[in-house]
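K.L.:
My questions will all concern the structure given below.
Derivation of every value follows stated rules applied to the coordinates shown; laboratory data play no part. Not measured: the values here are computed from a predicted model. Using ideal geometry, Cβ is built from the backbone for each residue, glycine included, and neighbour counts are taken over all protein chains shown.
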Amino acid sequence: MPLLETAGGGAIVALASTAGLFGYPLRSAYAASKWAVIGLVKSLAIELGPSQIWVNAVCPGSVEGPRMARVIAAEAASRGVAPAAVRTAYERTVSLHTFVTAEDIAATVLFLCSDAGARISGQALAVDGDTHTLAG
């Protein structure tokens, strides 16, 4: 942070998860770690704000890609159902009924690091299509 202070300010963006915004059954340790990231972000925003450093967390929901494909396949196998049924169940927990993409997350991070995001600090921004629950 000394380099940001020397530069006159700037942005710090941490990655959390929607698990940091909800309880997450059977994933308590994971949820706790994401809540900790958000607590750190909120504390750093207060500490670093006087140096014109804004600090935020991005909280992705289910992100399209190989990791989610593995999660879905494993859950489908353990429940004895088709992967499509598991994916549909995940999508039903989101208002937009879709997963987000890595590009969605990157675009949000770029915005938060830009001058347009310079007055946003101490926030946990969900990039998730409006997740209602993690208990599907």
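K.L.:
Among residues other than Pro60 whose Cβ falls under 14 Å from its Cβ, what is the net charge (Lys/Arg +1, Asp/Glu -1)? Before the final figure, lay out each step's value.
P.N.:
Values: positive: Lys34, Arg67; negative: Glu64, Glu103, Asp104, Asp128, Asp130.
Once all neighbours under 14 Å are counted, the net charge is -3.
K.L.:
Just to be sure I understand: with springs between alpha-carbon atoms less than 10 Å apart, which residue in Ser114, Ser78, Ser33 has the highest mean-square fluctuation in the Gaussian network model of the chain?
P.N.:
Answer for the Gaussian network model of the chain: Ser78.
K.L.:
Between Cys113 and Thr133, what length in nm is gained on full extension when 0.36 nm per residue of separation is reduced by their alpha carbon distance?
P.N.:
On the way: separation 20, 0.36 × 20 = 7.20 nm, distance 2.86 nm.
Gain in length upon complete extension: 4.3 nm.
K.L.:
Another question about this same structure. With point charges of +1 on the Cβ of Lys and Arg and -1 on the Cβ of Asp and Glu, referenced to the Cα centre of the chain, which listed residue (Ala32, Gln52, Pro2) lies farthest in the positive direction of the dipole?
P.N.:
Ala32
K.L.:
Also, I was wondering about something else. Using the Kirkwood formula on the Cα atoms of the chain, what hydrodynamic radius do you get, in angstrom to one decimal?
P.N.:
It works out to 16.0 Å.
K.L.:
Ala76: net charge of surrounding residues, Cβ under 11 Å, Lys/Arg +1, Asp/Glu -1, itself excluded?
P.N.:
So the environment of Ala76 carries a net charge of +2.
K.L.:
Helix check for the chain. Which DSSP H runs span at least 18 Å along their own axis by Cα, with a mean Kyte-Doolittle hydropathy no less than 0.5? Write down the numbers at each step before the final one.
P.N.:
Details: long enough: 28-48 (29 Å, 1.02); 66-79 (20 Å, 0.01).
In the chain, the long hydrophobic H runs are 28-48.
K.L.:
Once both labels are modelled 7 Å past Cα along the beta-carbon direction, what's the Ala85-Val63 spacing in nm?
P.N.:
2.9 nm
K.L.:
About the Cα centre of the chain, what is the dipole size in debye to 20, counting +1 per Lys and Arg Cβ and -1 per Asp and Glu Cβ, all else neutral?
P.N.:
460 debye
K.L.:
Right, another one. Antiparallel as a % of all DSSP beta bridges within the chain, to the nearest 5?
P.N.:
On the way: 1 of 12 bridges.
Looking only at bridges with both residues in the chain, the antiparallel portion is about 10 percent.
K.L.:
I'd like the GluC sites (Glu not before Pro) in region 18-96 restricted to DSSP loop residues with at most 14 other Cβ atoms within 10 Å, sorted by number.
P.N.:
Details: sites: Glu47, Glu64, Glu75, Glu91; in loops: Glu64.
Counting only loop positions with at most 14 other Cβ atoms within 10 Å, the GluC sites (Glu not before Pro) in region 18-96 are Glu64.
K.L.:
When Lys and Arg each count +1 and Asp and Glu each count -1, what net charge do the other residues less than 15 Å away from Tyr90, Cβ to Cβ, add up to?
P.N.:
Values: positive: Arg27, Arg67, Arg70, Arg79, Arg87, Arg92; negative: Glu64, Glu75, Glu91, Asp128, Asp130.
Neighbourhood net charge equals +1.
K.L.:
Looking at the chain as a GNM with Cα springs under 10 Å, which of Val86, Val71, Val94 has the largest mean-square fluctuation?
P.N.:
Evaluated over the chain, the most mobile residue of the options is Val71.
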